[in-house]
Every structure is written in C-alpha cells, then in structure tokens.
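Note sheet for the following structure.
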Amino acid sequence: MKTLYDVQQLLKKFNILVYVGKRKWDIELMAIELDNLFKNGLIAKKDYMSAKIILRHEHEIEEKAEKES
C-alpha cells in the first residue's frame, strides 16, 4: 500500500466509499473508518499501520496547502 488510492481500495473491499466533497475531510473520514475496521478485527495491523501513515501524510499535505492559500 503506497497511495491514497490504495487506501480507498482497501476501504472499498468493505463497501466503504468516502466522498464528502473536500479532500481533507475525505481523508479524515477515511481515517475514522479505518480505525473502526481495525478495532473490529477486520484488517491486519500491517495494513492498518500502512494506511494510517498514508492518510497522515496526505492530511499534512492538505493542511500545508490550506495555510499557503
């Protein structure tokens, strides 16, 4: 798992499709859904950690972009 698209595909396996309208909010909601999947034992720790790192990185990019505009 290397990209935000990969995280979306992981969530899609559980019929979780996220589109709020703002990329930052989408990332935040994906993180919540990912947490719920992990807490319920539906995904492996390795996948969970990889996805969380990707989401954190993408969220930081969005935060930086907001500050610059």
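Placing +1 at every Lys and Arg Cβ and -1 at every Asp and Glu Cβ, with all other atoms neutral, what dipole size does the stretch 1-52 have around its Cα centre, in debye to the nearest 20? Present the calculation step by step, with values, prior to reporting the outcome.
Numbers: 10 positive and 6 negative charges, 23 e Å.
It comes to approximately 120 debye.
Summing +1 for each Lys or Arg and -1 for each Asp or Glu, what net charge is found among the other residues whose Cβ lies under 12 Å from the Cβ of residue 38? Each step should come with its number before you reach the end.
Details: positive: 39, 45, 46, 52; negative: 33, 35, 47.
Taking every other residue near residue 38 into account, the sum is +1.
Between the alpha-carbon centers of the stretch 1-22 and the stretch 39-54, tell me the distance in whole angstrom.
13 Å
Mind listing P(r) for the stretch 4-68? All alpha-carbon pairs, 5 Å bins, whole percents.
3, 18, 31, 26, 13, 6, 3, 1
Could you work out how far helix 45-68 tilts from the main Cα principal axis of the chain, as a 0 to 90 degree angle to the nearest 10?
The helix 45-68 is inclined about 10 degrees to the chain.
Under 14 Å from a label point 7 Å along Cα→Cβ of residue 42: give me every residue in the stretch 14-32 with its amide N that close.
So the set is 14-18, 30-32.
Can you work out ³J(HN,Hα) from phi for every residue in the stretch 4-12, in order, using Karplus 6.51 cos²θ - 1.76 cosθ + 1.60 and θ = phi - 60°, giving whole Hz and x for Gly and Pro?
Per-residue couplings from phi come out as 4, 4, 4, 5, 4, 5, 4, 5, 4 Hz.
Find how much the distance from residue 69 to residue 22 grows on full extension, using 0.36 nm per residue of separation minus their present alpha carbon separation; answer in nm with one decimal. Mind showing how you got there, number by number?
Numbers: separation 47, 0.36 × 47 = 16.92 nm, distance 1.50 nm.
Additional length available on full extension: 15.4 nm.
I need the trypsin sites (Lys or Arg not before Pro) found in the chain, filtered to DSSP loop residues with at most 11 other beta carbons within 10 Å of theirs. Intermediate values should be presented prior to the final figure.
On the way: sites: 2, 12, 13, 22, 23, 24, 39, 45, 46, 52, 56, 64, 67; in loops: 2, 13, 22.
Counting only loop positions with at most 11 other Cβ atoms within 10 Å, the trypsin sites (Lys or Arg not before Pro) in the chain are 2, 13, 22.
Go through the stretch 35-42 residue by residue and turn each phi into a ³J(HN,Hα) via Karplus (6.51, -1.76, 1.60, θ = phi - 60°); whole Hz please, and just put x for glycine and proline.
Taking θ as phi minus 60°, the curve returns 4, 5, 4, 5, 4, 8, x, 8 Hz for the stretch 35-42.
Read-outs: derived from the displayed coordinates by stated rules, not from any lab. Keep in mind that what you see is a predicted model, and the values were worked out from it rather than measured. A quick note on method: Cβ atoms are made from the backbone with ideal geometry, for glycine too, and the neighbour counts reach across all protein chains shown.
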